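To keep things clear, I will list the structure first and then write my remarks on it.
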Amino acid sequence: MVIPRVSDEPLPRSLSEPLPRSSRGPLPRSLSEPLPRSLSERSETKRRPEPPVNAHPRPRTVDAASRRAREVAASVLDPEVPVLTIEDLGVLRDVVVDHGRVSVTITPTYSGCPAMDAIRDDVVLALTSAGFDQVDVRLVLAPAWTTDWMTDAGNRKLVEYGIAPPTGRAAASGPIRLQLSVRCPRCGSLDTREIARFGSTSCKALYECRTCLEPFDHFKVH
């Protein structure tokens, strides 16, 4: 077996010393030029504040007839969660009476929600039964519905019904929102886990409580 001889001679210049800048050539353009304004001065640029897209539009209901019509429409129950009214859910946007014609504006919890046809029919039936002969129900998608529009009373009704209400608020923009612990509506424990992303409806997830071992629906934050 031949053992290689370790040389005491210094390494060649090409290996032991860096080459002078002139011999290494110019830096690439992407490294030699200053960063563009969009990157180097972004922190100094003042951004125009964005409008709160999740803010619930204020209803235009002002006169006595419109207020009465809104009270009737607000009493309509959600067919998927019958413990909630469409007012509790935040689906009812506006009710206006103009020359005897009632115009109702509603927003679905998500595009293609199958409950909207039933809600539209129930609103028309409730208003005509209350003496309003001409009723128009308009479906609008923008701004999009969010769980932030649900009322505090609606959240309490969900707990009493055995459904965990939304945890936290919907984020319009910015960092990714962390998932908060979901409290069991039956025993109040926070030791719960999600077992299915979709529960009885698309807007709810199926959870299990590790304390009382009961499954329950959780209204997802949108």
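The values are calculated or read from the model by the stated rules, or taken from the named source; none is laboratory data. Quick caveat: nothing in here was measured; it's all calculated off a predicted structure. Using ideal geometry, Cβ is built from the backbone for each residue, glycine included, and neighbour counts are taken over all protein chains shown.
To keep it simple, each residue is scored yes or no on (1) among the aliphatic types (A, V, I, L, M); (2) modelled with pLDDT of 95 or more; (3) closer than 14 Å to Val124 by Cα; (4) under 24 Å from the mean Cα position of the chain (by Cα).
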| site | (1), (2), (3), (4) |
| --- | --- |
| Arg70 | no, yes, yes, no |
| Ser75 | no, yes, yes, no |
| His99 | no, no, no, no |
| Val102 | yes, yes, yes, no |
| Pro108 | no, no, no, yes |
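Which residue pairs have Cβ atoms closer than 7 Å, lie 6 or more positions apart in sequence or on different chains, and pair a first residue in segment 73-86 that is farther than 14 Å from Ser200 by Cα with a second residue that is outside any loop (DSSP other than H, G, I, E, B) and of a type in the set (D, E, K, R)?
Between residues of segment 73-86 that are farther than 14 Å from Ser200 by Cα and residues that are outside any loop (DSSP other than H, G, I, E, B) and of a type in the set (D, E, K, R), the close pairs are Ala74/Glu87; Val76/Asp122; Val83/Lys157; Leu84/Lys157.
Scan segment 65-82 for residues that are buried (at least 19 other Cβ atoms within 10 Å of the Cβ) and farther than 14 Å from Val97 by Cβ and jot them down.
Answer for segment 65-82, where residues must be buried (at least 19 other Cβ atoms within 10 Å of the Cβ) and farther than 14 Å from Val97 by Cβ: Val76, Asp78, Val81.
For segment 92-138, what are the residues that are touching a strand residue (DSSP E or B) at 6+ places or on another chain (Cβ under 8 Å) and assigned to a helix (DSSP H, G or I)?
Scanning segment 92-138 gives Met116, Ile119, Arg120, Asp122, Val123, Val124, Leu127, Thr128.
What residue, among those in segment 199-222 that are surrounded by 12 or more Cβ atoms within 10 Å (Cβ to Cβ) and of a type in the set (A, V, I, L, M, F, W, C), is nearest to the chain's Cα centre (by Cα)?
Val221
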